[in-house]
Amino acid sequence: MDITRTTTPNAGSPSYQLEGRTAQNSYKGPSVELKDKIDKMYEEINRKNKSFADPEDHIRRKYFDPTYLHYQVLDGNLSSGNRMDAYINEMKVLKGGKPNVSVIDYAYRGYEAPRIHGEIESFRRAIHDRLNMDFQVSKLFEENGIRIPNGVSLTFRSDLYTKRITVLGKIDDNLKQKIETVLNQGKNADVLSLHIVQSASSLGKSEQYSLEKSRLWNLANKIYRYTGYDMRDLEARDGSFFTKDGENILEKVAEGVKNATKGNTPTEQRAALGLLRSDVKYFSEKGIYKENAFTDIEFKDGHLLDVRQKYKYGVGQNGWIHDMAKEKGVDDYELSKDGIKLLSKGEPFTVPSGKIAAYQKTQKEDDLPLHRVIKKALDEFFDKIKLDIPMGTNLKIFYDKMPHKLFVYGIHSSVISDMVNSSINQNKEFLDLFSKLSMVNFSKKI
């Protein structure tokens with residue numbers, strides 16, 4: 001098949017094209033503001049870390065060596081996610097990276113943190129994207145001299161196999177044809193179809209969505225993008241799809257996927273190709289959709305409006321987001337395509353003041369003797385076992401009260417790791433010493 005046969009003719013180069021979500025117009029909510037604050041907090045922490053002769057060793061010992069003068073008690077749990085988050089963030093920033101956003105980490109360090117609700121942030125992002133898409137579609141129509149009468153409701157239908165947009169509604173046939181031509185020029189159909197499909201998703205509880213339909217949409221998109229073929233024109237047999245000339249479509253699509261994933265790791269590339277082969281085999285055997293092979297969205301008075309779903313994102317449809325924010329106790333915002341404006345404060349994320357104090361303080365002197373005894377015992381143990389553990393290896397030693405056992409992590413050789421774990425658990429002295437500790441984690445550098 002000639003790929004040009006399936007491409008809508010583009011009469012010249014349109015002056016404006018739909019963009020969809022971009023880095024410039026993407027949603028920037030309270031999590032972005034919190035990220036900026038966390039970045040500044042870790043800049044100061046990093047400045048202090050760099051004042052030590054060996055910043056990496058200082059950070060490691062600060063979180064995993066209870067005998068260290070600057071050891072951080074944090075929340076009192078040596079194997080907690082909070083401890084590991086703080087450690088990872090400090091190491092990332094030291095090496096020039098950016099810290100992960102953690103409300104708990106920020107609050108435990110004594111700062112007032114907003115309560116971030118992941119699902120609400122996803123809904124806000126969807127509403128923000130809709131406001132941007134409204135603006136873009138209206139601008140596209142204006143620049144192409146398209147004027148749709150007020151009060152007229154249209155349906156933009158995206159074809160599952162080609163992403164071609166069809167316009168339904170009671171308007172003049174010439175106007176309908178003009179709208180379809182503009183919406184299918186250049187990349188407009190791709191951008192609008194992606195927005196329609198992302199809106200009619202499981203997040204919004206859309207009746208138009210199913211996991212199987214989403215799989216088929218992604219597969220059909222790859223086949224059409226890399227070969228120009230509409231899946232409906234292919235023959236399904238022998239676990240694949242074939243052209244009328246007998247060419248296996250999987251080979252051509254696989255080559256396209258390989259090129260598209262060149263920058264990925266070999267593991268990620270293999271996973272992408274494995275998913276492709278799995279989907280091709282599944283739909284070759286089960287069959288593709290003959291009906292319901294489309295996704296709809298309405299357009300009225302300059303606004304895209306969702307249909308047949310619980311959570312709708314269009315103007316006049318999305319008031320529920322404010323009720324949800326109040327119900328969940330988070331800050332409520334007025335959303336626009338250009339940003340957010342605070343309407344009312346929710347409940348801040350809080351932790352008990354006692355935990356904050358514990359999180360911020362370092363180890364007390366009267367806690368050290370038992371730790372030093374254990375450290376000495378560990379030194380003697382690793383000196384005696386004479387196993388081939390590379391110099392500089394950082395070991396993590398965890399004690400589990402149930403079933404009264406020690407676990408040593410950090411040895412790359414599985415054989416040597418098993419031998420060390422077996423030997424250390426035969427040492428009753430270690431088990432008894434660790435059982436007296438409220439802490440359960442030690443570090444040992446070979």
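The values are calculated or read from the model by the stated rules, or taken from the named source; none is laboratory data. The model shown is predicted, which means the values in this text are computed figures rather than measured ones. Because the Cβ atoms are built from the backbone with ideal geometry, glycine has one as well, and the counts that use them run over all protein chains shown.
In table form, for the structure just shown:
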read-out: Strands (runs of 3 or more DSSP E) fully within segment 391-446 counting 2 or more residues that are in contact with a helix residue (DSSP H, G or I) (Cβ under 8 Å, 6 or more places away or on another chain), at pLDDT 75 or above and within 21 Å of Pro66 (Cα to Cα); value: 394-400, 405-409
read-out: Failed criterion for Ile321 (all others in (1) in a helix (DSSP H, G or I); (2) over 28 Å from the mean Cα position of the chain (by Cα) hold); value: (2)
read-out: Counted residues, segment 285-306 - those being in contact (Cβ under 8 Å) with a residue 40 or more places away in the chain and not in a strand (DSSP E or B); value: 9
read-out: Gly110 free of Cβ contacts under 8 Å to residues at least 24 places away in the same chain, small (Gly, Ala, Ser), out of contact with any strand residue (DSSP E or B) (no Cβ under 6 Å at 6 or more places or on another chain) and on the phi > 0 side of the Ramachandran plot; value: no
read-out: Qualifying positions in segment 193-237 - in a helix (DSSP H, G or I) and under 21 Å from Lys310 (Cα atoms); value: Ser193, Leu194, His195, Ile196, Val197, Gln198, Ser199, Leu211, Glu212, Lys213, Ser214
read-out: Residue tally, condition of a type in the set (Gly, Ala, Ser) and either at positive phi or not in a helix (DSSP H, G or I) (or both), over segment 238-260; value: 3
read-out: Every residue from segment 198-231 that is in contact with a helix residue (DSSP H, G or I) (Cβ under 7 Å, 6 or more places away or on another chain), closer than 20 Å to Ile297 by Cβ and of a type in the set (A, V, I, L, M); value: Leu203, Leu216, Ala220
read-out: Among the candidates Gly97, Gly81, residue that is farther than 30 Å from Asp400 by Cα, surrounded by fewer than 18 Cβ atoms within 10 Å (Cβ to Cβ), touching a helix residue (DSSP H, G or I) at 6+ places or on another chain (Cβ under 9 Å) and not acidic (Asp, Glu); value: Gly97
read-out: Number of positions in segment 77-118 that are part of a loop (DSSP other than H, G, I, E, B) and either within 22 Å of the chain's Cα centre (by Cα) or within 17 Å of Pro30 (Cα to Cα) (or both); value: 13
read-out: From the options Val253, Val191, Val257, residue that is over 20 Å from Leu276 (Cα atoms) and β-branched (Val, Ile, Thr); value: Val191
read-out: Residue in segment 170-186 that is touching a residue at least 60 places away in the same chain (Cβ under 8 Å) and in a helix (DSSP H, G or I) present; value: yes
read-out: Within segment 34-46, considering residues that are at pLDDT 90 or above and aliphatic (A, V, I, L, M), the one nearest to Lys341 (Cα to Cα); value: Ile38
read-out: Exclusive hit being out of contact with any His (no Cβ under 7 Å at 6 or more places or on another chain), small (Gly, Ala, Ser), touching a residue at least 24 places away in the same chain (Cβ under 8 Å) and closer than 26 Å to Ile340 by Cβ, set Ser31, Ser15; value: Ser31
read-out: Lone unmet requirement of (1) surrounded by 19 or more Cβ atoms within 10 Å (Cβ to Cβ); (2) closer than 30 Å to Leu234 by Cα for Asn292; value: (1)
read-out: Flag if Ile340 is β-branched (Val, Ile, Thr), at pLDDT below 65 and surrounded by 12 or more Cβ atoms within 10 Å (Cβ to Cβ); value: no
